[in-house]
Amino acid sequence: MGDEGNPQTPRRTTRASLSSTPNPKSSTGKLKSCNLLPLTIHDLAYGDESISFNDLISSLPGRRAQIIELLHLLGPLDSPMFPVFVYGGASTGKTSSILQTFKHLKRPFIYCSCITCYNPRILFESVLNQLLLHRRNESNRYSSTKRCERPSDFVNLLQEALHNMVDSLKGNVEKSSSKKSVGRARGKMVYLVFDNLELAREWDKSSNILPFLFKLYDILKMPEVGLIFLSNASPDTYYSDTGYVEPVPVYFPDYTEDELRQILMKNQKNPKLYSSFLGVVLRPFCRVTRRVDELLTAFSSLYQIYCEPLDDLGIVPNEDMKRKLFSHLQPHIGPSLNETFKVESRLSSEASASTNKWKGIAKKVGVSESSNEIDFHMSACAKYLLICAFLASRNPATLDASMFDSTGGSNNKKRKRSSEKSKEKKEIAEQELLLKGPGTFPLERLLAIFQCIVSVSECLPDEEAQGDGGLEGESWTNGLFSDVLLELSSLCNANFISKGGSCPLEGANRYRSMVSEAMALKVAKSLRFPLAKYLYRGG
C-alpha cells in the first residue's frame with residue numbers, strides 16, 4: 001500500500017491533469033477530443049465502479065474501525081451530517097480512507113488540498129471550478145470560471161453553485177431511478193473535502209480563513225452539503241474565539257508493526273522473499289518512524305541490496321539462504337537509518353563549505369577555535385536562527401539598537417554616550433522583563449537580529465577571503481537568507497521555537513525561544529559565535 005498519502009485517481013479529474021500539457025505531436029487528436037467532452041456530475045464520483053465493503057476494508061489494513069466510524073457519520077444516502085474533522089499523523093491513511101470510502105458509496109464530492117491550493121484565492125476558485133464542472137485547458141487559457149479572492153464573494157458564488165449542483169443531482173436521481181448505470185453518482189448530497197488543512201495556518205490572514213472554513217456549515221445552512229476536514233494537527237490547534245459548530249473528530253493513530261507489514265506486503269511479486277526481508281529491517285526502522293512513505297523510500301534501496309546475492313528473484317529462501325542474505329544486508333542497515341532519517345537541509349553543503357570562512361570570523365572577534373559539538377544535526381542557518389531567537393527572548397527590545405550596529409557587532413561606544421539617569425531607568429525596566437522569563441518577539445525583530453549577526457561576514461579582510469578558497473563575500477550569506485523562513489518553520493515544528501497567537505495590536509504572529517542558556521551557548525560554540533558578547537545580563 002505504497003500510496004497511503006497520495007492515492008491514485010483513476011477517473012476523477014485532478015488539478016494536475018487539467019493543467020498538464022501533452023505532447024502535441026503524439027496526442028493532438030486526443031487533446032481535441034478531450035476538450036470536446038464536457039464534464040458531468042458523474043465526474044464528481046471517485047472511480048469508475050463501486051467497491052464492496054469487504055474490498056474497502058481489505059484495501060486499507062488497520063483502518064477498519066476508522067472506516068466504520070466514517071460510514072456511520074456519513075449516514076445513509078441523502079442524510080444530513082455534521083462537519084467531520086479527520087486528523088492524525090502524516091501518512092496514516094486519512095486521504096486514502098476518505099477517497100476509498102467515497103468510491104464505495106459512489107457519492108459526489110469536491111476535493112481540495114491545501115498543498116496545491118496554496119492560498120485562499122486558489123482554494124476558492126478550485127471549489128467553484130469543480131462545482132461548476134469547469135475544466136481549465138488551453139481553449140480558456142487555463143483560467144478559472146470565476147475569480148474570487150474575498151470570503152464574502154466566495155459565499156455568494158458557492159451558494160449559487162451548490163443550489164445548481166443539488167438541482168442537477170435531484171434530476172439525476174429521477175432519471176436513474178428506473179435505470180441503473182455503472183459509475184453514476186448516487187444521491188442528492190454533495191460533500192466538500194478540505195485536505196492538509198494545517199498548511200492553511202501559514203497563509204496570510206489565516207486567522208480569518210480557518211474560522212471561515214469551519215463556519216461554512218452555519219453560513220450555508222444547506223442539509224444537502226457535507227463538510228469534511230483532513231489535517232495532520234489535532235482539533236485543539238484550530239480553536240478560536242469565534243463560535244461555530246465543532247466538527248466531529250475522527251482520529252487516525254499511527255500504524256502498528258503488524259499493520260505496516262500488511263501494507264508493505266501488498267502487491268509483492270515474491271511474498272516469501274519480501275517477508276524474510278521485512279523480518280530483518282522492519283522492527284529497527286519502526287523504532288525511528290512508522291510513516292509508510294518514508295519506509296517505502298528506505299526499503300526500496302535496501303531490498304535491492306538484499307537481493308544482490310540471488311540469481312533468481314523468484315526463489316523461496318530457506319534458513320541458510322536467509323542467514324546469507326542477512327549477513328550481506330546487515331552492514332547497510334545502520335548507514336541507511338542514519339542517512340534516510342537524518343534531518344537534512346539544502347544549506348548543509350553551503351554550511352560545510354563555509355567552515356573555513358567562519359574560522360576567520362572567529363579570529364576577528366577573538367573567540368577560541370575549540371568548540372563543543374552538539375549531539376544532533378542542524379544546518380548553519382538553523383543554528384543562527386536559534387541564537388537570534390534566544391537573544392530576542394532574553395534581551396529587551398529597547399537594547400537592540402545599542403547591541404547591534406550595521407556591521408553586526410556590539411556597539412559599546414553608543415552605549416557609553418547614554419546618560420546615567422536614563423541608563424538607570426532602562427536597567428530597572430529591563431530587570432523586570434528578565435524576571436518574567438523568556439519574552440515573545442515578532443518575526444521582523446528576529447530577521448533584523450539575524451541580518452545584523454550574519455552581516456559580520458561582509459567585514460572580513462580580503463586576505464582572509466582569498467585564503468579560504470576564494471569564496472565570494474556574499475555568496476554564502478545569500479544562501480543563508482534564501483531558506484530562513486523554511487528553517488524557522490522547521491525549528492517551530494521541532495519545538496525549539498514556540499509560535500504563539502497573533503498580537504491584537506500588531507496583527508502578526510509572535511515567537512518565543514524554548515531553549516535553555518546552556519543549549520544556546522553550546523550551539524554558539526559550535527559556530528564559534530560570541531554569544532556572551534550580545535547577551536544582556538542586567539548588570
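For the peptides 116-126, 511-521, residues were scored by their other Cβ atoms within 10 Å and the scores averaged per peptide; the highest-first order is 116-126, 511-521. For segment 486-496, the Karplus equation 6.51 cos²θ - 1.76 cosθ + 1.60, evaluated at θ = phi - 60°, returns couplings of 5, 5, 4, 5, 5, 5, 5, 5, 7, 6, 6 Hz by residue, with Gly and Pro reported as x.
Projected label points at GLU69 and TYR142, each 7 Å from Cα along the beta carbon direction, are separated by 4.0 nanometres.
With a threshold of 30 Å on the Cα-Cα distance, the over-threshold entries among LYS94/LYS215; LYS215/LYS383; LYS146/LYS499; LYS103/LYS215 are LYS215/LYS383; LYS146/LYS499.
Here, each number is a calculation from the coordinates, and none is a lab measurement. Just so it is clear, the structure is predicted and the values come from calculations on it, not from any experiment. Quick reminder, even Gly has a Cβ in these numbers, built from the backbone with ideal geometry, and neighbours come from all protein chains shown.
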